[in-house]
1. Working only within the stretch 87-119, note down all residues that are in a helix (DSSP H, G or I) and either in contact (Cβ under 8 Å) with a residue 40 or more places away in the chain or crowded, with 20+ Cβ neighbours inside 10 Å (or both).
2. All but one of (1) at pLDDT 95 or above; (2) closer than 26 Å to residue 123 by Cα; (3) in contact with a helix residue (DSSP H, G or I) (Cβ under 9 Å, 6 or more places away or on another chain) hold for residue 1; state the number of the condition that does not hold.
3. Kindly evaluate residue 35 against the criterion of being more than 15 Å from the chain's Cα centre (by Cα), assigned to a loop (DSSP other than H, G, I, E, B) and closer than 30 Å to residue 123 by Cα.
4. Can you go through 53, 49 and tell me which one is assigned to a strand (DSSP E or B), at pLDDT 95 or above and over 15 Å from residue 19 (Cα atoms)?
5. Within the stretch 66-74, is there a residue that is out of contact with any strand residue (DSSP E or B) (no Cβ under 6 Å at 6 or more places or on another chain), outside any loop (DSSP other than H, G, I, E, B) and at negative phi?
6. Do we find a residue being buried (at least 21 other Cβ atoms within 10 Å of the Cβ) and more than 17 Å from residue 125 (Cα to Cα) anywhere in the stretch 45-62?
7. Any idea which of 38, 24 is within 18 Å of residue 119 (Cβ to Cβ) and out of contact with any strand residue (DSSP E or B) (no Cβ under 8 Å at 6 or more places or on another chain)?
8. Checking residue 16 against (1) closer than 20 Å to residue 116 by Cα; (2) out of contact with any helix residue (DSSP H, G or I) (no Cβ under 9 Å at 6 or more places or on another chain); (3) surrounded by 14 or more Cβ atoms within 10 Å (Cβ to Cβ), only one condition comes out false. Which one?
């Protein structure tokens, strides 16, 4: 499963985007405002590609999607909410949008979450967060190969360990290593 958030409306308070699941529009998103320097609790996560897992949230007391290895952020989740007051770096989902607001959030989450849960049982899930006009993600070692795709190419001299075909992390402490679609399929 490939998730992609296209950030569309950036204001001083929030960031409204569109969430696409495997290339199809699913719902709207709301995040905190995009800022050049993080301000705790009021800044959107950096654009990039992140692995998503489903695990139990102590804060929400239920299983929720969690984005892994987000630079300078911990506990970034996908959940219901309507305004920037409902998020501290998390992605909120909704069926409708207005200025600094998304509506129908519970309905959007209730439609999205089973898809993520089902996919998580059979494959790794990745989410790409894209800024308007971004062709190169903030990590200069990662380049977008095609619009609407979460496929990545390593352009630095860093080398990844070959896929072992088993699930579980082979990454070194905290290192984020995006995989191409074909590499993810081989790893299943």
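1. Answer for the stretch 87-119, where residues must be in a helix (DSSP H, G or I) and either in contact (Cβ under 8 Å) with a residue 40 or more places away in the chain or crowded, with 20+ Cβ neighbours inside 10 Å (or both): 105, 108, 109, 111, 112, 113, 115, 116, 117, 119.
2. The number of the failed condition is (1).
3. no
4. Matching residue, one of 53, 49: 53.
5. Looking through the stretch 66-74, none of the residues is out of contact with any strand residue (DSSP E or B) (no Cβ under 6 Å at 6 or more places or on another chain), outside any loop (DSSP other than H, G, I, E, B) and at negative phi.
6. Taking every residue of the stretch 45-62 in turn, at least one turns out to be buried (at least 21 other Cβ atoms within 10 Å of the Cβ) and more than 17 Å from residue 125 (Cα to Cα).
7. Step by step, each of 38, 24 is checked, and only 24 is within 18 Å of residue 119 (Cβ to Cβ) and out of contact with any strand residue (DSSP E or B) (no Cβ under 8 Å at 6 or more places or on another chain).
8. (1)
The values are calculated or read from the model by the stated rules, or taken from the named source; none is laboratory data. Here the structure is a predicted model, which means the values were calculated and not measured. So basically every Cβ, Gly included, is an ideal-geometry build from the backbone, and we count neighbours across all protein chains shown.
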